1. Which of (1) among the charged types (D, E, K, R); (2) open to solvent by less than 20 Å² (accessible area, probe 1.4 Å); (3) touching a strand residue (DSSP E or B) at 6+ places or on another chain (Cβ under 6 Å) does GLU355 not meet, given it meets every other one?
2. Is there a residue in the stretch 361-374 that is part of a loop (DSSP other than H, G, I, E, B), touching an Asp or Glu at 6+ places or on another chain (Cβ under 9 Å), buried (at least 19 other Cβ atoms within 10 Å of the Cβ) and in contact (Cβ under 8 Å) with a residue 40 or more places away in the chain?
3. Quick check on ILE319: is it modelled with pLDDT of 95 or more, in contact with a helix residue (DSSP H, G or I) (Cβ under 6 Å, 6 or more places away or on another chain) and open to solvent by 20 Å² or more (accessible area, probe 1.4 Å)?
4. Among the residues of the stretch 329-343, write down those that are in a helix (DSSP H, G or I) and either polar (S, T, N, Q) or open to solvent by less than 20 Å² (accessible area, probe 1.4 Å) (or both).
5. Name the one entry in GLY56, GLY74, GLY66 that is under 31 Å from the mean Cα position of the chain (by Cα), part of a loop (DSSP other than H, G, I, E, B) and farther than 28 Å from ALA378 by Cα.
6. Could you please give the count of residues in the stretch 389-407 that are part of a helix (DSSP H, G or I) and either open to solvent by less than 10 Å² (accessible area, probe 1.4 Å) or of a type in the set (Gly, Ala, Ser) (or both)?
7. Wholly within the stretch 207-320, which strands (runs of 3 or more DSSP E) include no fewer than the required count, namely at least 1 residues that are farther than 30 Å from ASP167 by Cα?
8. State the number of residues belonging to the stretch 77-132 that are among the hydroxyl-bearing types (Ser, Thr, Tyr), open to solvent by less than 50 Å² (accessible area, probe 1.4 Å) and part of a loop (DSSP other than H, G, I, E, B).
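The values are calculated or read from the model by the stated rules, or taken from the named source; none is laboratory data. What you are looking at is a predicted structure, and each value in this text was computed from that prediction instead of being measured. Methodologically, a virtual Cβ is constructed for each residue, glycine included, from the backbone with ideal geometry; neighbour enumeration extends over all protein chains shown. In case anyone asks, the SASA skips ligands and DNA or RNA and just uses the protein heavy atoms, side chains included. Shrake-Rupley method; radii C 1.70, N 1.55, O 1.52, S 1.80 Å.
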Amino acid sequence: MKSYEEMSKEELYEIKEGLEKEYAKYKGMGLSLNMARGKPSAAQLDLSMPMLDVLGSDSDMVASDGADCRNYGGLDGIPEAKQLIADMVGSKPENVIVYGNASLNIMYDAVSRSFTHGVMGNTPWCKLDKVKFLCPVPGYDRHFAITEFFGVEMVPVPMTENGPDMDMVESLVNSDETVKGIWCVPKYSNPQGIVYSDETVRRFAALKPAAADFRIYWDNAYAVHHLYDEDQAEILDIISECEKAGNPDMVYEFCSTSKISFSGAGIAGLVTSQANIKDILKQMTVQTIGHDKVNQLRHVRFFKDKAGIMAHMKKHADIMRPKFEMVENTLEQELGGLGIGSWLCPKGGYFISFEAMEGCAKNIVAKAKEAGVTMTPAGAPFPYGNDPKDSVIRIAPSLPEADELEMATKIFVVCVKLASIEKIVDNK
């Protein structure tokens, strides 16, 4: 098979004519398909419905420490929930604060608190001339939205197959005191599905920041989100690695059950050092009298332990895996060998990252939209929505039903082909 680049203009025009007919057919179908956000499907949410029956009006509502979960108190969470979250990410319960339903809320609070009150006695960021965050790219758009909202200068750092470019991370963190943080999704990264290597985790733990208040924002969102029973990625525990390296306070680790139980009614956790916890609880004592302990108890009694979570996640994988494989197989069958795109086949997480020809991503997404397929905006996986190559597109296979996803993927590949031919012809 010849690549599109190897074809003559005449050959490309002939292919384009057939594609335009197919595209017109799709546009005429009045479709409304969505591959934009990594939402669980209804079938995945149905898996957790029995959780609603775990607690009833006659249930014992007392936590293991004797606390009445219906009442005030328990600022950092009930012991059972702390244990469950610690086990989920491979840490210790004494390092956990259990929050409400969203880890994103915890991340926002961490940045906000740093601006208004500083980190462990350091100067509040609002009093500094400049604050920078390192942003591995492509990355998670909601991370970038938080730092952009606070006026933080975001510095892109390229991703490699083992995680962020650590030579660049070390150089910037260790020499520039205005660098106060870095966003990380260490397992099945959003959107590429990359897993940080042991060497990468150890190099993070061994950083020597120029800023005393530098923190690694370690968003372990997909800690148990494997797609396969075998070949499941494991990463080193960043908390213990930082302790070993003499940097016990350098990391905030975030996690939640948002894509394990209910996306709007899960529990979320912050995992960090005792010193960080003491500093954070000063704000929390003023901010809240405690999060929803009834929901914490509900989760613990439903899942019981990590083994219960893993059994539950196997059911999620059985729903997700065919969707990922269908998208990957379609991309390979339709685009393989044409030289107009590349993609990774992740072993877990929620996304497939597609890299189109340079200068084509916005055109592809716009064409898909016109044909009734909503995708994540081109540029979203980069700070300020600015993909310098205009090439990365995030595909989210989880939400649509199988037949809708198949249709959306077919339309996507037609859009990729059309946009690529337009680009190549313009350059010939």
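1. Among (1) among the charged types (D, E, K, R); (2) open to solvent by less than 20 Å² (accessible area, probe 1.4 Å); (3) touching a strand residue (DSSP E or B) at 6+ places or on another chain (Cβ under 6 Å), GLU355 violates only (2).
2. No, the stretch 361-374 has no match at all.
3. Numbers: modelled with pLDDT of 95 or more: yes; in contact with a helix residue (DSSP H, G or I) (Cβ under 6 Å, 6 or more places away or on another chain): yes; open to solvent by 20 Å² or more (accessible area, probe 1.4 Å): yes.
So ILE319 passes the test.
4. ASN329, THR330, LEU331, GLN333, LEU335, listed by residue number.
5. Among GLY56, GLY74, GLY66, only GLY74 is under 31 Å from the mean Cα position of the chain (by Cα), part of a loop (DSSP other than H, G, I, E, B) and farther than 28 Å from ALA378 by Cα.
6. Keep residues of the stretch 389-407 that are part of a helix (DSSP H, G or I), which gives 402-407.
With either open to solvent by less than 10 Å² (accessible area, probe 1.4 Å) or of a type in the set (Gly, Ala, Ser) (or both) added as a condition, the list becomes 402, 405.
Residues in the stretch 389-407 being part of a helix (DSSP H, G or I) and either open to solvent by less than 10 Å² (accessible area, probe 1.4 Å) or of a type in the set (Gly, Ala, Ser) (or both): 2 in total.
7. Numbers: elements: 215-219, 251-256, 268-271.
Where strands (runs of 3 or more DSSP E) fall fully within the stretch 207-320 and carry at least 1 residues being farther than 30 Å from ASP167 by Cα, they are 251-256, 268-271.
8. Looking only at the stretch 77-132, we keep the residues that are among the hydroxyl-bearing types (Ser, Thr, Tyr), and these are 91, 99, 103, 108, 112, 114, 116, 123.
Remaining after also requiring open to solvent by less than 50 Å² (accessible area, probe 1.4 Å): 91, 99, 103, 112, 114.
Right, trim to part of a loop (DSSP other than H, G, I, E, B) and you get 91, 99.
Within the stretch 77-132, residues that are among the hydroxyl-bearing types (Ser, Thr, Tyr), open to solvent by less than 50 Å² (accessible area, probe 1.4 Å) and part of a loop (DSSP other than H, G, I, E, B) number 2.
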